[in-house]
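Before any comments, here is the structure.
The values are calculated or read from the model by the stated rules, or taken from the named source; none is laboratory data. Nothing here was measured: the structure is a model prediction, and the numbers come from that model. Here the Cβ positions follow ideal geometry from the backbone for every residue, glycine too, while neighbour counts run over all protein chains shown.
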Number of protein chains: 2
Amino acid sequence: MIASSGDVRRERLARLRVDLPAHGLDGAVICHGPNVRYLSGFSGSNGLLLVLSEEACLITDFRYEDQAEEEVNGTVEVLLATDGGIAALADRLVDRTHVRSLAFEAEHVTVRDRRELGERCASVLWEDMPPAVEGMRAIKDPDEVERLAAAVDVAERALDEALSTVREGMAERELAAELEYRLARHGSEGPAFDTIVASGERTALPHASPSQRRLAEGDLLLLDFGATVDGYRSDITRTVVLGAAKPWQREIHEHVLEAQAAALESLVPGRPAREVDRAARDLLEVAGLGERFGHSIGHGIGLEVHEGPRLYRESKDVIQVGNVVTVEPGVYLSGEGGVRVEEDVEVVDGGYRVLTSSSRALREL
Amino acid sequence: MIASSGDVRRERLARLRVDLPAHGLDGAVICHGPNVRYLSGFSGSNGLLLVLSEEACLITDFRYEDQAEEEVNGTVEVLLATDGGIAALADRLVDRTHVRSLAFEAEHVTVRDRRELGERCASVLWEDMPPAVEGMRAIKDPDEVERLAAAVDVAERALDEALSTVREGMAERELAAELEYRLARHGSEGPAFDTIVASGERTALPHASPSQRRLAEGDLLLLDFGATVDGYRSDITRTVVLGAAKPWQREIHEHVLEAQAAALESLVPGRPAREVDRAARDLLEVAGLGERFGHSIGHGIGLEVHEGPRLYRESKDVIQVGNVVTVEPGVYLSGEGGVRVEEDVEVVDGGYRVLTSSSRALREL
């Protein structure tokens, strides 16, 4: 697997090189970290990737000298900038007069950096980057799926261990610390995103950050978190109960699982992504809970925790083999509590494969 | 203290309102998270603060409804955007025809967002934001120093505990997990920055991220990390030895401590910040180690881990009462190992006060 990663990246660069001229571009300057990593292998925080028809180079600084060479492993040339990345880029372009138009990532480049690009590379016509790299990233190759599955596995191991530490009187933040500690112990490079631990009525806040609220008997307890393995991020949610579940808790959990099952069944290659959201929402609407499901059913995961395809109501994406997405319906009763259950799922020929293996049944601690 | 935080922020806004007209501006749109938090108290990830001469409002989204009201606590008005922050901003400005020129943060706003500002707020003249907020932030008030001191305290407690877990054969990443777990247990909201744990010859890499390298007898072991308390970040470094220190290890540690003492003595209000770097560098040059000290002596800390004043060779900043800075000389012998010792220091009348209290002596584990 490792031996072939250089080939995989060379193929990605080759596909980009076909795509750019189709948009009237002579090349592109990529600065968004996940895109740089996807194309070159470089994982440092300061990388600028110049892709031209016949060559590609990564510009970084002295801090990353060894790491960059090791990670790109010959896929692209490495240049160390002494006076900032854009100055080094301009130096590189100075005798490449055939390069007239270059793409840049308008949603990631700051106004200050765009000015510097314009000033230092005055002969270049700067155009918006088409979503070519994001399009490729939405379809995972087997290596990427393997890493995502590993990130799911780490998250599930950490979850089991963290739940075994739960006791009444523990603060949400303490439990979050236990969970993140176990993630790291099992090999996560860092939380995949800001860990959510919410309890009691706070479970009705879909984006609650862990507070000092203390867990009490009868509480719903919601954990939404993920691990990072080789840069790839899992994203799972489980909602459990401290003690015996009350009927209303059991009931909304049931509705959420039914909505999730419907969404999973609609994950079929070739279908519009918005139908996945629709399938879950229809069931919840029938149950009179449509208004209580205030977010979308899911999103792609990979080098970023939110990437393509987007599974929301107005999404124009189409489900494709190789997508890896979350499926995460939720029901939130303001002031009382909420339930969300989230799986990570790979789209395969004719259907789906769930990467998460934890039971979805309502667990009573 | 808490009761007065609204007053502190109102005073900051008042100072900004004096500064903006002096630059020919009718107001400013602040989007950089630490600046938004400094002025309004809001700590969420999606905030846009409009400051005009007679009013100020924070624009965020429904996820932050409760949190925003609680955090700003009446200092500014809160608006919830349904169609994106810039659209809400435009709505707000539509009947404020006296607003002609607004500042925006060119080093933080993306090209895409800048375009949207231009399109939706077509009558506004957009100018670069002067470094007014960053200038205020470089001088801490007593509340801020207290939070930084708390963040130092949490970091030092976590360090002591983490060092007690060190054993031969442990991976750097395992130790980083122990350290971050203890930071969280002592109340850190998250690591202040990416934790550095380096051992053996890897201590010669000033920016090493924790690897799978296993600790061995005789290794230097370098930990550079911090805690976050109420958004304020500490940043400390200690280098220890596993077992008995070798003479060369002891020697470079001595040189580093001497350089640090010299730098501390030059932390005098009114002096050029570059002299702090100079003081440490002079001593290391005399010892023939000037080339082995490849970074600057330090930087301000606060809501960001790197902020003003900057203590590098060409810095134009001047040391002022209320600055809180790191003082972190290092000596790195490629292929052998490195030593860095880093204190967090407040500048006070006539001198300095070290916030870190851990011994600087070379510790043998």
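In the condition set (1) under 21 Å from A:Ser40 (Cα atoms); (2) within 13 Å of another protein chain (Cβ to nearest Cβ), A:Arg114 is compliant with all but (1). Taking the listed residues B:Ala198, B:Ala216, B:Ala184, the one that is outside any loop (DSSP other than H, G, I, E, B) and either touching a strand residue (DSSP E or B) at 6+ places or on another chain (Cβ under 8 Å) or more than 19 Å from A:Phe193 (Cα to Cα) (or both) is B:Ala198, with no other qualifying.
Consider segment B:117-139 and keep the residues that are within 13 Å of another protein chain (Cβ to nearest Cβ) and crowded, with 18+ Cβ neighbours inside 10 Å. The one that is nearest to the chain's Cα centre (by Cα) is B:Met129. Scanning segment B:84-139 for residues that are assigned to a loop (DSSP other than H, G, I, E, B) and in contact with a Pro (Cβ under 8 Å, 6 or more places away or on another chain) yields a count of 1. Say we look at segment B:163-177 and pick out the residues that are over 20 Å from B:Gly218 (Cβ atoms) and of a type outside the set (D, E, K, R); which of these is nearest to the other protein chains (Cβ to nearest Cβ)? Checked segment B:163-177; the qualifying residue nearest to the other protein chains (Cβ to nearest Cβ) is B:Ala177.
Take B:Ala158 and decide whether it is assigned to a helix (DSSP H, G or I), within 14 Å of chain A (Cβ to nearest Cβ), touching a helix residue (DSSP H, G or I) at 6+ places or on another chain (Cβ under 8 Å) and surrounded by 17 or more Cβ atoms within 10 Å (Cβ to Cβ). Considered against the rule, which asks whether it is assigned to a helix (DSSP H, G or I), within 14 Å of chain A (Cβ to nearest Cβ), touching a helix residue (DSSP H, G or I) at 6+ places or on another chain (Cβ under 8 Å) and surrounded by 17 or more Cβ atoms within 10 Å (Cβ to Cβ), B:Ala158 comes out as yes.
Restricting segment A:48-82 to residues that are within 13 Å of another protein chain (Cβ to nearest Cβ) and in a loop (DSSP other than H, G, I, E, B), the residue that is modelled with the highest pLDDT is A:Asp61.
Checking each residue in segment B:147-161 for being under 23 Å from the mean Cα position of the chain (by Cα) and closer than 26 Å to B:Glu364 by Cα picks out B:Ala151, B:Val152, B:Asp153, B:Val154, B:Ala155, B:Glu156, B:Arg157, B:Ala158, B:Leu159, B:Asp160. Of all residues in segment A:195-214 being surrounded by fewer than 21 Cβ atoms within 10 Å (Cβ to Cβ) and either in contact (Cβ under 8 Å) with a residue 40 or more places away in the chain or charged (D, E, K, R) (or both), which is nearest to A:Leu242 (Cα to Cα)? Restricting to residues being surrounded by fewer than 21 Cβ atoms within 10 Å (Cβ to Cβ) and either in contact (Cβ under 8 Å) with a residue 40 or more places away in the chain or charged (D, E, K, R) (or both), the top hit is A:Gly200. Identify the residue in segment A:178-203 that is within 11 Å of chain B (Cβ to nearest Cβ) and of a type in the set (A, V, I, L, M) and, among all such residues, is farthest from A:Ala162 (Cα to Cα). Here the answer is A:Ala184. Applying the condition of being β-branched (Val, Ile, Thr) and part of a helix (DSSP H, G or I) to segment B:270-320 and asking which residue is nearest to B:Val354 (Cα to Cα) yields B:Val276.
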